[in-house]
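So the structure is just underneath, and the comments pick up after that.
No value in this document is a laboratory result; all are computed from the given coordinates. Every value quoted in this text rests on a predicted model; they were computed, and no experiment measured them. We place every Cβ from the backbone using ideal geometry, glycine too, and count neighbours over all the protein chains shown.
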Amino acid sequence: MSVLARAVREVETAAQRGALQPSTRTKFQVVALLVREERARVKADQTVTETQRAELLKRLDGVATILAKTAVRDTSLLALLADDAVASDAAKALKRDMTIAAGVEPAPEPVAPAESTAPPSATERQVVPQSVISRRLANPFLTPDFSAAQQSVTQPRRLASWELLGPLLSSFERAAGGSSACMALPEPSVSRSYSGPELMRHQAQLIASAASGHRTFLLADEPGLGKTAQALLAAQAANAYPLLVVVPNVVKTNWAREAKLWTPGHASTVIHGNGDTMDGFADIVIVNYEVLDRHVGWLGDLGFRGMVLDEAHFIKNKTSQRSQHVLQLSERIRARTTRPLLMALTGTPLINDIDDFRAIWQFLGWIDERKPLATLMQSLEETGLTPVDPGFYAAARARVIDMGIVRRRKIDVAADIPARRIADIPVELDDEAGRSIREAERQLARRLVSRYETALATRTSGIVVEGIDHELVRRVASWERDDSTKTDENVFSMMRRIGQAKAGLAADYTAQLAHSVGKVVFFAKHVDVMDVAEKTFDKRGIGYSSIRGNQTPAARQKNIDAFINDPEVSIVVCSLSAAGVGLNLQVASNVVLAELSWTDAEQTQAIDRVHRIGQDEPVTAWRIIASQTIDTKIVELIDSKAGLAARALDGSDEEVSMSSDMQLEALVALLTDALAEAS
């Protein structure tokens, strides 16, 4: 404790004097790490009395409070407190020194396994399709392509010791200044270099940028603005063949159709399963995330000169296997080809947190795990600023955008697309299921209140809060969320039960819409809700088709075509996860959301299957909300989250709530309301 207390006072004193030096920032992070470790050790130590434990925890709380106050002075320090913050070599060395100074033997450094010791399950699944072997035999050299040699990049000097990723990310929250996040794009030439359908101006601008030599794009246009066509034609303009396209499973077939439409001169192939039916000589290779683990080996060696990542927010969790495979392939392509075309496509790059940018930027080669890479670092050096200088955040945001962020809104570039609105339809659950759901909510609220009161009664820190202790509320909600798998009734199961209870009502409303306005798109999260809806439509003699995750690509496309082309098919029943991306359903102008999503992004993706280029009628999304249930709280939370992308990407001054998962926020709201009623 004496070592921690001395170190944190040194950090506090330095912060009071002004700008923090890199060494002080390192000490700040190390103190935070050691406080966490010491807290865990004290709680687990059975050799101390409860009084001793309480005293030690109180002293640790004091150190943590000083850290928090220091971070308020310099908010760039907050990134160093994150659970996933990477400790530099200097931080690791200082941590070891402070541990030794405290008289504790430091734990031995973990030894990284050799690269050859990959898990047997991963290596066993690796395959090489026969057609790929044939391609290798036809061209056995597959030499790296360094024909477009990159200009030398100066080594960073002034910013070399700064922690920059946190400030770069936060610059998109605090330095928008009313400007959208879109790089300067050239005006397209009058002549057309392809024979496909007519392009809109915003699409032609991006293709012109690729033709002029730009090679990395985070294409974040709002859903419905034709990102697929832009990516395919950008690859053609950059001659980025062979081209690898990684997509969700549900849109593989659609990508092949779009490739045939927009770039008919370049053959495409789709990898299914082990790739037995693929064409190894095709210019465009389309693979889905789910089978990437089988093919990542040979894909990295084929010699791709471009890679497109569709629905790029799928890789936001960098610990997932699919994210690691995508990043591995990107790194391999960048190592073998100078300035390959790399494109991340997503209308919703920010789901819950500004940190969702990290994996996408890493895929594009702008950053690695710890720092900006050479091109971005040089650009930041040229600003002449550091994170403590006025103007750094605005300048840094602009430099990242210039790396290739392209964001256009429908309202700005496609004025001919009619407006959309979201209308809530409250329904009463008056049957036995509704009563059971409300009783389950009351039981959950009582359990939360009990945990809160117990935590309050056993608190040893001596802190007294007037009224509701909102920090403790969040802590209790977090405990409940983490324990959700241990209880029969939790926020997940309740939302599913609510969806089941209102399924028939949502289907009835959809049937009425179909009779009055024509074709309707029905979205649900769970299969049993879709089943209830389809039985309702059968009973009423209403023609429908269905899009689910377990369908073959052929069956899926058949059902899509039936809804679009058959006048007898009035409704398409869609899974939110399987049909929320990659579909063009603008033949309808009404969407029914039978169940609520956990994110605004997923809801927006669903609505934009209808509200997109080609739509000529106003679009209405009808949300079915169960009154007097947690459904109403989830709606409020979804709507409060909608401002994240608007603030970070569109330059809006809309307030954004603290980033956290929706389940936690729902529990916080439930407990807060229960405590307010009790008082």
> If you count, for each residue, the other Cβ atoms within 10 Å and average over each peptide, how do 497-504, 389-396, 593-600 line up from highest to lowest?
Replying inline: 593-600, 497-504, 389-396
>> Can you give me the distance in nm between label points at Gln551 and Ser23, each placed 7 Å from the Cα along the Cα-to-Cβ direction?
In response: 6.5
> In nm, to one decimal, how far is the Ile463 label point from the Ala160 one, both placed 7 Å along Cα→Cβ?
Replying inline: 4.1
>> I need the calculated FRET efficiency for the pair Glu677 and Ile411, taking r as the beta carbon distance and R₀ as 30 Å, to the nearest 0.05.
In response: 0.10
> Amide H of Asp424: which non-local residues (sequence gap of 5 or more, or other chain) have their own amide H closer than 5 Å, using H built in the peptide plane?
Replying inline: Arg623
> What are the ³J(HN,Hα) values, in whole Hz, obtained from phi via the Karplus relation 6.51 cos²θ - 1.76 cosθ + 1.60 with θ = phi - 60°, for each residue of the range 388-400 in sequence order, with x given for Gly and Pro?
Replying inline: 8, 8, x, x, 4, 5, 5, 5, 5, 4, 5, 5, 5
> Okay, which of the range 426-444 sit inside 17 Å, backbone N to the point 7 Å along the Cα-Cβ direction of Val517?
Replying inline: 426-427
> By per-residue mean of other Cβ atoms within 10 Å, what is the highest-first order of 369-380, 202-213, 447-458?
Replying inline: 202-213, 369-380, 447-458
> Assuming R0 = 35 Å, what is the FRET efficiency of Gln443 and Ala419, from their Cβ-Cβ distance, to the nearest 0.05?
Replying inline: 0.25
>> Under 23 Å between alpha carbons, and skipping anything fewer than 8 positions from Lys502 in its own chain: which lysines qualify?
In response: Lys519, Lys525, Lys535, Lys539, Lys633
> Whole-Hz Karplus ³J(HN,Hα) for the range 373-384, in order, using 6.51 cos²θ - 1.76 cosθ + 1.60 and θ = phi - 60°, x for Gly and Pro?
Replying inline: 7, 3, 5, 5, 4, 5, 4, 5, 4, 5, 6, x
> For Ala44 and Val86, what is the calculated FRET efficiency with R₀ set at 25 Å and r taken between the beta-carbons, to the nearest 0.05?
Replying inline: 0.45
> Once phi is turned into θ = phi - 60°, what whole-Hz ³J(HN,Hα) does the Karplus curve with 6.51, -1.76 and 1.60 give for every residue of the range 22-30, x standing for Gly and Pro?
Replying inline: x, 5, 6, 4, 4, 5, 4, 5, 5
> Among 277-289, 666-678, 424-436, how do they line up from the highest to the lowest mean number of other beta-carbon atoms within 10 Å?
Replying inline: 277-289, 666-678, 424-436
